[in-house]
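Asker: Below is a structure I'd like to ask you about.
The values are calculated or read from the model by the stated rules, or taken from the named source; none is laboratory data. Since the model is a prediction, treat every value here as computed from it, not as a measurement. Methodologically, a virtual Cβ is constructed for each residue, glycine included, from the backbone with ideal geometry; neighbour enumeration extends over all protein chains shown. Heads up: the accessible areas ignore ligands, DNA and RNA and are worked out on the full protein's heavy atoms, side chains in. Shrake-Rupley method; radii C 1.70, N 1.55, O 1.52, S 1.80 Å.
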Amino acid sequence: LREDSTRNRQDEEWLQHQVNELATAKLSEGEQEELESQQNELSHSEEIRQALGLSSELLSEDESGILVKLKSIEQQLTHVMEYYPRSREFTERIRTTLLELRDIERELSSEAERIDSDPLRLQNINDRLNTIYSLQHKHKVANTTELLALQDDYQRRLEAISGGDEAISQMQEAITKL
């Protein structure tokens, strides 16, 4: 036990440093993936906003928008329903499509307004990801889950070192009583 204790003492300072470094990082499960997703959105915010805005516009333009054209198709089919009963089915399908496309247009417009470039937020995300990537590189792991598992392992090893000292003390006391 004393030999193990001596060996463990040599590792204790290094282990404590590793535990402190990982604990200071305050990693959380799934954090890296979430940050990478936010980074991707913020890095391409202008492109995203333009695509969403243009898509919304193409749907809702006054004279040439898709919604206007579908409404015109619906009216044409409704007009011939009396002579061509099958147009009722087409009209219902067009109405359903119109409702869905109006909903999509509102969401596209709303998302286009929500998407914002925020250079400060992007810099904070990049800094946090760099911290995570550095820790992953240092510890030769692939993700935050593995870093958290490593942190737990280091913590258990530290506790075992403390427990080893206590075991030696208890054995010495037992020997002394004999």
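Asker: Restricting attention to the stretch 14-28, which residues are within 15 Å of R128 (Cβ to Cβ) and loosely packed, with under 14 Cβ neighbours inside 10 Å?
Answerer: Residues satisfying the conditions are T24, K26, S28.
Asker: What are the pairs with Cβ atoms under 7 angstrom where one residue, in the stretch 119-148, is of a type in the set (S, T, Y) and the other, located anywhere, is not in a helix (DSSP H, G or I)? Sequence gap at least six, or different chains.
Answerer: The qualifying pairs are T144/L27; T144/E29; T145/E29.
Asker: Okay, moving on. Working only within the stretch 89-118, note down all residues that are without any contact (Cβ under 8 Å) to a residue 60 or more places away in the chain and touching an Asp or Glu at 6+ places or on another chain (Cβ under 8 Å).
Answerer: T91, I94, R95, L98
Asker: Still on this structure: One residue is enough: does the stretch 76-89 have a residue meeting the conditions modelled with pLDDT of 95 or more, in a helix (DSSP H, G or I), over 30 Å from Q10 (Cα atoms) and within 20 Å of the chain's Cα centre (by Cα)?
Answerer: no
Asker: Any idea which residue in the stretch 146-178 is modelled with the highest pLDDT, counting only those that are β-branched (V, I, T) and touching a helix residue (DSSP H, G or I) at 6+ places or on another chain (Cβ under 9 Å)? Working first, answer last.
Answerer: Here is the first cut: in the stretch 146-178, the residues β-branched (V, I, T) are 161, 168, 175-176.
Then keep just the ones that are touching a helix residue (DSSP H, G or I) at 6+ places or on another chain (Cβ under 9 Å); that gives 161, 168.
Details: I161: 77, I168: 55.
Applying the filter and picking the extreme gives I161.
Asker: So which residues in the stretch 93-106 are closer than 18 Å to G65 by Cα and surrounded by 12 or more Cβ atoms within 10 Å (Cβ to Cβ), if there are any at all? Show your work before the answer.
Answerer: Taking the stretch 93-106 first, the residues closer than 18 Å to G65 by Cα are 94-106.
Scanning the stretch 93-106 gives I94, R95, T97, L98, L101, R102, I104, E105, R106.
Asker: Across the stretch 61-88, what is the total count of residues that are more than 27 Å from I115 (Cβ to Cβ), open to solvent by less than 90 Å² (accessible area, probe 1.4 Å) and without any contact (Cβ under 8 Å) to a residue 24 or more places away in the chain?
Answerer: The qualifying residues number 7.
Asker: Sticking with this one: When you scan the stretch 24-60, how many residues do you find that are part of a loop (DSSP other than H, G, I, E, B), at negative phi and either without any contact (Cβ under 8 Å) to a residue 24 or more places away in the chain or not polar (S, T, N, Q) (or both)?
Answerer: Here is the first cut: in the stretch 24-60, the residues part of a loop (DSSP other than H, G, I, E, B) are 26-30, 44.
Add one more test, that the residue is at negative phi, and what stays is 27-29, 44.
Now drop any that are not either without any contact (Cβ under 8 Å) to a residue 24 or more places away in the chain or not polar (S, T, N, Q) (or both), which leaves 27, 29, 44.
Counting residues in the stretch 24-60 that are part of a loop (DSSP other than H, G, I, E, B), at negative phi and either without any contact (Cβ under 8 Å) to a residue 24 or more places away in the chain or not polar (S, T, N, Q) (or both) gives 3.
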